[in-house]
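Written below as structure tokens is the structure these notes are about.
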Amino acid sequence: MKAFGVAWDAWRTTHGGAGAVAARQPPRLQALVAHARTHSGFYAEHYRGVPDGPVSLAALPSLPAVSKAELMARFDEWVTDPRLTRTGVSAFVADPANIGRDLFGEYVVFTTSGSTAEPALLIQDRRAMAVMFGLTYARSAGVLPPGLLLRVLGRGARQAAVFATGGHFVSTVMFERRLRAHPVRRRYSRFFSVLDPLPELVANLNEFQPVLLGTYASALSVLIGEQEAGRLNIHPLVISSGGELLLPSVRQRAREVFGCTVTETYNASEATPLSLPCRVGNLHLNTDWYLVEPIDASGEVVPAGQRSDSLLLTNLANYVQPLIRYEMGDSVVIGADPCPCGSPLPTVTPEGRTDELLKLPAREGGEVVLIPMAIATVVEETPGVLRYQILQTAPAGLTIRFDEDASSDRSTVWTEVNRRLTGFIAAQGAGPVTIELADQRPEVNSRNGKLRHVVRAIRR
Ligand SMILES: [Zn+2]
């Protein structure tokens, strides 16, 4: 399967109405389930009690759900290519030089970042990649008005991606893959790390003058403040926010302060692009390839128009690491009404958690703002950290809660977390900060099972 074929099929599906979507789901589901039962030792055992034969869409809820923890614990049995082992893939992602390289020249590997409690190793086969590109080609064209596209091209289409570095995150890996395939793009596509000190990031963006800017919602909040203060002086035509919930107020402020179009993405490392925006500005789920079941805390399906506590995802595209009724934890509202754009694909409104901006006293007076995704990445990427929370408990005081993995020593991990955080905070220009280890372990939100990673626990 090639991306062009997927794109053509996706275009026909979007223009074929609800019937066209419904016609594509059952054969894809049956093929995936049959493949998983035959080639994944985990699913063969997990579906022992499920009768053989094709699974209809109506029978999907009869398949037992799966969790990330359970799949990761049995990684080697879960994947359908025996060359892939948890040890081998972990070693591959441990080397930053592999970012943008394909494992065995065939598989694209993602690791999850800040929005999930425990990191996962996610492997995309050629088929999944074709679907990723095909859906994006077919359903992104026409979102921006043609006049705007011409202005973007007229101004050189310089593209800045402002995301976390240091891991095989979807945004990082895909950006680096494109540059490796087309080195000429390095001239007008640049990656900026949210982990850099803010003044440096601001100076680099001022110099580069992006026409297109992609970043996290929380980093966007910080950049809005910098532009308002006059330190940042950029004039993008389109800003795309993803990876975190974009609050309508932040979106509105970004529109006003930068005077540009602001689009939102809602994605999952497990299924990209899970949704894409339409010309009306709504997000549509790509349900011809990614089946989504919104559920409440007891696992019952939540009707359209109501907020879910979690989501079960079935990725119909990826055969190497089957995800069938996989608990995502995301809280969303699936639209009950058709979208004015005419797409038969359901709309979705993410209701995800939002991390908070932390402000610390600067060494030279004033305040330093820490981008939540940046400080979160510093802790998350420390070897041995399984789950964590960063709380600001005093104007110049942080408290860290974390769980270490079974093979790590708690005090060794803590020493390293403390060292990395101290270095990161100093590099941001903050004055002395007290960093303490909490007795308490990270607290998961009981409603949606998600961790809020960066919390401002003081009010000034
Ligand atoms: Zn729409």
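From the list ARG419, ARG459, the lone residue that is open to solvent by 50 Å² or more (accessible area, probe 1.4 Å), at pLDDT below 95, farther than 22 Å from SER331 by Cβ and not β-branched (Val, Ile, Thr) is ARG459. Only residues that are modelled with pLDDT under 95 and outside any helix (DSSP H, G or I) were counted in segment 1-47, giving 3. Is one or more of the residues making up segment 399-406 among the acidic types (Asp, Glu), more than 16 Å from the ligand (Cβ to nearest atom) and within 14 Å of VAL454 (Cβ to Cβ)? No, segment 399-406 contains no residue that is among the acidic types (Asp, Glu), more than 16 Å from the ligand (Cβ to nearest atom) and within 14 Å of VAL454 (Cβ to Cβ).
Name the residues in segment 349-361 that are in a strand (DSSP E or B), open to solvent by 20 Å² or more (accessible area, probe 1.4 Å) and away from the ligand (no atom under 16 Å from the Cβ), would you? Matches in segment 349-361: LYS359, PRO361. Does any residue of segment 88-103 turn out to be within 22 Å of PRO383 (Cα to Cα), at pLDDT 95 or above and surrounded by fewer than 16 Cβ atoms within 10 Å (Cβ to Cβ)? Yes, segment 88-103 contains a residue that is within 22 Å of PRO383 (Cα to Cα), at pLDDT 95 or above and surrounded by fewer than 16 Cβ atoms within 10 Å (Cβ to Cβ).
Among residues of segment 267-291 being closer than 14 Å to THR136 by Cβ and not in a strand (DSSP E or B), the one that is nearest to the ligand (Cβ to nearest atom) is CYS278. Test LEU285 against the stated conditions and say whether it is more than 30 Å from ILE425 (Cβ to Cβ), open to solvent by less than 10 Å² (accessible area, probe 1.4 Å) and within 18 Å of the chain's Cα centre (by Cα). When the stated conditions are applied, LEU285 passes them. Applying the set (1) more than 18 Å from the chain's Cα centre (by Cα); (2) open to solvent by less than 10 Å² (accessible area, probe 1.4 Å); (3) of a type in the set (Val, Ile, Thr) to VAL108 leaves exactly one unmet item: (1). The set of residues from segment 250-276 being open to solvent by less than 30 Å² (accessible area, probe 1.4 Å) and more than 15 Å from the chain's Cα centre (by Cα) comprises VAL250, ALA254, PHE258, CYS260, VAL262, THR263.
Scanning segment 393-403 for residues that are surrounded by 18 or more Cβ atoms within 10 Å (Cβ to Cβ) and among the aliphatic types (A, V, I, L, M) yields LEU398, ILE400.
Out of the residues in segment 320-348 meeting the condition of being away from the ligand (no atom under 11 Å from the Cβ) and on the phi > 0 side of the Ramachandran plot, tell me which one is farthest from the chain's Cα centre (by Cα). Among those that are away from the ligand (no atom under 11 Å from the Cβ) and on the phi > 0 side of the Ramachandran plot, it is ARG325. Scanning segment 371-392 turns up one or more residues that are open to solvent by less than 50 Å² (accessible area, probe 1.4 Å), over 23 Å from the mean Cα position of the chain (by Cα) and not aromatic (Phe, Trp, Tyr).
The values are calculated or read from the model by the stated rules, or taken from the named source; none is laboratory data. Just so you know, these numbers come straight off a predicted model, no measurement behind them. Quick reminder, even Gly has a Cβ in these numbers, built from the backbone with ideal geometry, and neighbours come from all protein chains shown. Just the protein is used for accessible areas: all its heavy atoms, side chains included, with ligands, DNA and RNA removed. Shrake-Rupley method; radii C 1.70, N 1.55, O 1.52, S 1.80 Å.
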